[in-house]
Amino acid sequence: MSQSTGVDLFMKQFKYFKSNKPQPSLNSVISVDITTSEVKLLECNTNYKCEDNLTQCLGLINKNKWKTYSFVQHPGLMLIRNPFTGSGQRYWIKRCLERYPKKPNKINIDIEIDNLDDWWRECHKSMECDKKLLKKLRWTTLGYHHNWNTKAYSEENKTPFPEDLSELSSVVAQYLGFAKFRAEAAIVNYYHKNSTLSAHTDHSEVNLDAPLFSFSFGQSAIFLIGGREKSIEPSAILLKSGDIVVMSKEARLCYHAVPKILPEYHQPWNSDLSELDFNKMPSFMYISNPKETIEAMNENIENDKWSEFENYIKESRININVRQVLNEKQISLADEFFS
Ligand code: SIN
């Protein structure tokens, strides 16, 4: 990782990978599927006893089969290589399109269109899908809503965090040894062919020690991650559908960006579509209605019910970015003693 004082090496790399003419070479892009000295397979020996039924119910494969990687140049950065089943990927894609953009959650289109309570239904209310409205969705916020102007969270700008996403984040967090992680805010980002996300750090949370979990679905992406200064040259990492990036410790406050979306040819959301049996599911799940979750997961297997979502995801990418906002003992932002 090189550094050049005063020179924005991050921007240089961002522009390089963003370019369409000429197309960038992908030779330097790190893929965890290819053995290199920059990537290490981690032994995740947390003593976390997670019932296999619970992981299944969240659309995950047995955790003994998960592959977690660390990056030599980026201490604290980890990548779990697609631990989802195909039906699991379909479940989360559908939640990000059909459920999460609904009110009371917030979407970028709110400033343009009043009372857009159900974006997905509005896009599909006539036989022909409203493609213009479909492509307009760039983000949805959940829990403590990110304020894009002030960058500050507030108790007044908060709605309930989805239970299923909170449970998914907890399972991943506990697996990696972050037992006390609480999902309190999320940004769901929606990317199309030429979408990008410019260099930024995530520092609005009171708790900057808790890790950040980032779930990717759909088309692939080049993810750039550097250091705390833009003068540090970033690494380019290939993210594929189902991958979970974890930014913890030193990596938590590093600059990152998405300069390019790339086609995902393997479409993992279309394989491993196995049906779940509710009667074999755990009774201790936090999700208030596990039966509904399992039915929703099974429903996606039927291709006619899935086809509208397939049309979206075959061209787009979704990223769910989950954070803890408060410190461990803090119960609200007003609770200044712990801030
Ligand atoms: C983000 O950093 O907010 C999103 C990163 C991604 O889309 O992978």
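The values are calculated or read from the model by the stated rules, or taken from the named source; none is laboratory data. For clarity, every value in this text was computed on a predicted model and none was experimentally measured. All Cβ positions, glycine included, derive from the backbone under ideal geometry; neighbour counts span all protein chains shown.
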ask   = If we keep just the residues of segment 147-162 that are touching a residue at least 24 places away in the same chain (Cβ under 8 Å) and in contact with an Asp or Glu (Cβ under 9 Å, 6 or more places away or on another chain), which is surrounded by the fewest Cβ atoms within 10 Å (Cβ to Cβ)?
value = Phe161
ask   = Which of the residues belonging to segment 205-240 are more than 12 Å from the ligand (Cβ to nearest atom) and either out of contact with any Leu (no Cβ under 8 Å at 6 or more places or on another chain) or among the charged types (D, E, K, R) (or both)?
value = Glu205, Asp209, Ala210, Gly227, Arg228, Glu229, Lys230, Glu233
ask   = If we keep just the residues of segment 172-189 that are in contact with a helix residue (DSSP H, G or I) (Cβ under 9 Å, 6 or more places away or on another chain) and closer than 23 Å to Thr293 by Cα, which is surrounded by the most Cβ atoms within 10 Å (Cβ to Cβ)?
value = Ala186
ask   = Give me the pairs: first residue in segment 231-252 and under 19 Å from Ser170 (Cβ atoms), second residue near the ligand (Cβ under 10 Å from one of its atoms) and modelled with pLDDT of 95 or more, beta-carbon distance under 6 Å, and six or more apart or on different chains, which are they?
value = Asp243/Ser216; Ile244/Phe215; Val245/Ser214; Met247/Leu212
ask   = Does segment 163-171 include one or more residues that are closer than 17 Å to Arg81 by Cα, away from the ligand (no atom under 12 Å from the Cβ) and surrounded by 21 or more Cβ atoms within 10 Å (Cβ to Cβ)?
value = yes
ask   = Of the residues Lys135, Lys125, which single one is over 16 Å from the mean Cα position of the chain (by Cα) and not in a loop (DSSP other than H, G, I, E, B)?
value = Lys135
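Do we have Ser220 as touching a residue at least 12 places away in the same chain (Cβ under 8 Å), surrounded by fewer than 23 Cβ atoms within 10 Å (Cβ to Cβ), touching a strand residue (DSSP E or B) at 6+ places or on another chain (Cβ under 7 Å) and under 21 Å from Trp306 (Cβ atoms) here? Don't jump to the end; show me each part of the working.
Details: touching a residue at least 12 places away in the same chain (Cβ under 8 Å): yes; surrounded by fewer than 23 Cβ atoms within 10 Å (Cβ to Cβ): yes; touching a strand residue (DSSP E or B) at 6+ places or on another chain (Cβ under 7 Å): yes; under 21 Å from Trp306 (Cβ atoms): yes.
Criteria met by Ser220.
If you scan segment 287-312, which residues turn out to be among the small types (Gly, Ala, Ser) and within 26 Å of Leu134 (Cα to Cα)?
Kept after step one, since they are among the small types (Gly, Ala, Ser), are these residues of segment 287-312: 288, 296, 307.
Ala296, Ser307, listed by residue number.
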task = Scan segment 181-204 residue by residue and report those that are closer than 21 Å to Leu165 by Cα, in a loop (DSSP other than H, G, I, E, B) and within 14 Å of the ligand (Cβ to nearest atom).
result = Asp202, Ser204
inquiry  = Considering only residues that are modelled with pLDDT under 90, of a type in the set (A, V, I, L, M, F, W, C) and assigned to a helix (DSSP H, G or I), which ones fall in segment 272-320?
reply    = Phe278, Ile294, Ala296, Met297
